[in-house]
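Just so you know, all these numbers are worked out from the coordinates, no wet-lab data involved. Just so it is clear, the model here is predicted, and its values are computed rather than measured. Don't worry about glycine lacking a Cβ; one is built from the backbone with ideal geometry, like all the others, and counts go over all protein chains shown.
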Amino acid sequence: MLSQYPIHGANASEIATSIESGIRAGRIAHGATLPPVRTLASSLKVSPTTIAAAYRTLRLRGLLSGQRRRGTRVSHRPPLLVRPAIEVPQGLRNLANGNPDSALLPSLQAALARLNLRSRLYGETINRPELLALARQQFAADGIPVTSLAVLGGALDAIERLLQAHLYPGDRVAVEDPGYFEIFDLLRALGLIAEPVAIDDFGLIPEELERALRTRVAACILTPRAQNPTGAALDERRARELRKLFDTHREVLVIEDDHAGPVSGAPTMTVCHGKKERWAVVRSVSKSLGPDLRLAVLAGDATTIARVEGRQNLGAGWVSHILQGLVEGLWSDPTTTKQLSVAAGAYTARRAALISALERHGIAAYGRSGLNVWIPVAGEVEAVTGLAAAGWAVRGGERYRLKSPPAIRVSIAALQPSEAVRLAADFAQILRPARRTQTT
């Protein structure tokens, strides 16, 4: 790929622009390895320092990532306008996209009919008081402090603004490993360094978090339930252990990403109370009410929320009151409460059906909560291609991993129990030749 797109330039800025243009045009592939610093310097007849500066600029912008002995690579999702969509070949059962089941989402029709659509003007209150009141009740019922609240355009929008409120390029952020790849991509785009922390079925492993905290991380992003991709969920004991660790590092910004909320199939647990100075809980409605409702409510300490809202005022200004009114109407409707309970039960049954079906074939799988099941494998490519040949589209785990071992992610949101039996049988058939080879 690089031989077809020669990098050019006489200084660091020109070289960085050349590489960015190649990425944007698709002539340098996402994930491609760039030439070593000295090799490219010799080719362009510039100093290695110039190439290093160009690469550093692109790393800070999130376009490149250092892979140590594997060299410098183009990020898998560089923050540019053109991004390749995930394409599932026609005819495959799509268990790769991570969407909620549309049949389990509340209907928007009744909420739209009740919505007051009067025109809002500059200078009016940016957040609907009724929405904040409902959010305050929900947070308080879950034991989450409600010192200050904000309304943002979804979970990732909230997390980005939280990081920008306190961190600087080069700061380290503790993240779950495996974890959500969009968080990894966001950190790269902000010039932040991901510090992987191993997890188990109950979230961050305390000993691993303690190690990361000793590296002087500036922030930690964790998922209290429905962890993507593994389905991990905190229990009371793990939440207590993590709170104790964070209380000894009060300066660390703690961000909880409760993206699935009431449909996660696990009770609310939080580490965000105690002696922490900087904290925030992000509660998105994307999985419970629908991805197109780009809204998340943010609870946090007063200073953090003030910084987030101040930056929001300089940009988008506020989240549309149409969206706020829709969420308010849905949250205040008893029918929605019943629908969310049905959805949580259905997702729990679908996760259990797949895990149980795989277990009958001797295949370990994980998913205590949420919309995904995580299945360790020896080879991700072989597992994904084998399942595709059998008619199933799943996601390889590479994008979700920093140091953790290989696995695949299966989204179970719309997977029926009868399908789970067939999927497990097909998967066992794919693994069988590899197992025979290992035992001979």
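For region 300-440, the residue among V327, G396, P376 whose Cα projects farthest onto the positive side of the dipole built from Cβ charges is P376. Sparse packing (at most 13 other Cβ atoms within 10 Å of the Cβ) combined with a DSSP loop state is found for the following trypsin sites (Lys or Arg not before Pro) in region 186-257: R216, R250. Dipole orientation for region 2-74: of the candidates T57, G22, T33, T33 has the Cα lying most toward the positive pole (charges on Cβ; Lys, Arg +1; Asp, Glu -1). Loop-located trypsin sites (Lys or Arg not before Pro) in region 262-332 (DSSP state not H, G, I, E or B) with no more than 14 neighbouring Cβ atoms inside 10 Å: K275.
Just to confirm a number: summing +1 for Lys and Arg and -1 for Asp and Glu over residues other than Q138 whose beta-carbon lies under 11 angstrom from that of Q138, what do you get? Taking every Cβ under 11 Å from that of Q138, the sum is 0.
Treating only the Cβ of Lys, Arg, Asp and Glu as charged (+1, +1, -1, -1), what charge dipole size does region 117-197 show about its Cα centre? Round to the nearest 20 debye.
440 debye
Computed from point charges on the beta carbon alone (+1 for Lys and Arg, -1 for Asp and Glu), the dipole magnitude for region 182-285 about its Cα centre is near 380 Debye.
Taking every alpha-carbon pair under 8 Å whose residues sit at least 6 apart, region 116-332 reaches a relative contact order of 26 percent. With a cut-off of 11 Å between beta carbons, the residues surrounding S284 carry a summed charge of 0, where Lys and Arg count +1 and Asp and Glu -1.
Take every DSSP beta bridge whose two residues both sit in the chain; close to 55 percent of them are antiparallel. Overall, the chain carries a charge dipole of about 940 debye about its Cα centre when +1 sits on the Cβ of Lys and Arg and -1 on the Cβ of Asp and Glu, all other atoms neutral. Could you give the DSSP H helices of the chain that reach 30 angstrom or more along their long axis (alpha carbon positions) and whose average Kyte-Doolittle hydropathy is no lower than -1.0? Counting only whole DSSP H runs, the qualifying helices are 334-360, 417-439. Straight-line reach from K287: which lysines fall under 29 Å, measuring Cα to Cα and dropping same-chain residues less than 8 apart? Within the straight-line cut-off, K287 pairs with K276, K338, K403.
Please give the contour-minus-distance gain from L402 to E236: 0.36 nm per residue of separation, less the Cα-Cα distance, rounded to one decimal in nm.
Result: 57.0 nm gained on full extension.
Ellipticity at 222 nm from helices only: DSSP H runs of n ≥ 4 in the chain, each -39500 (n - 2.57), divided by the residue count, give -13000 deg cm²/dmol.
Please give the length that would be gained between A364 and R73 if that part of the chain were fully extended, namely 0.36 nm times their separation in residues minus their C-alpha to C-alpha distance (nm, one decimal).
101.5 nm
Separation of region 9-30 and region 296-370, taken as the distance between their Cα centroids, equals 38 angstrom. Counting other Cβ atoms within 10 Å as a rough exposure proxy, the listed residues H8, H76, H259 run H8, H76, H259 from fewest neighbours to most. With a cut-off of 11 Å between beta carbons, the residues surrounding I28 carry a summed charge of +2, where Lys and Arg count +1 and Asp and Glu -1. How would you classify region 2-74 from its alpha-carbon gyration tensor, with a ≥ b ≥ c the square roots of the eigenvalues: rounded for a/c under 1.5, else prolate if a/b is greater than b/c, otherwise oblate? The shape class here is rounded. Note on region 116-332: dipole from Cβ charges, positive end direction compared against G317, G265, L163; the farthest Cα belongs to G317. Calculate the FRET efficiency for A113 and Q90 from the Cβ-Cβ distance with a Förster distance of 22 Å, rounded to the nearest 0.05. Step by step, r from the Cβ atoms, then E = 0.05. Which values of log₁₀ I(q)/I(0), to two decimal places, follow from the Debye formula for region 116-332 at q = 0.16 Å⁻¹ with a uniform point scatterer at every Cα? After summing over all Cα pairs, the log10 values are -1.06. Across the chain, the mean sequence separation of Cα contacts (distance under 8 Å, 6 or more residues apart), normalised by length, yields a relative contact order of 18 percent.
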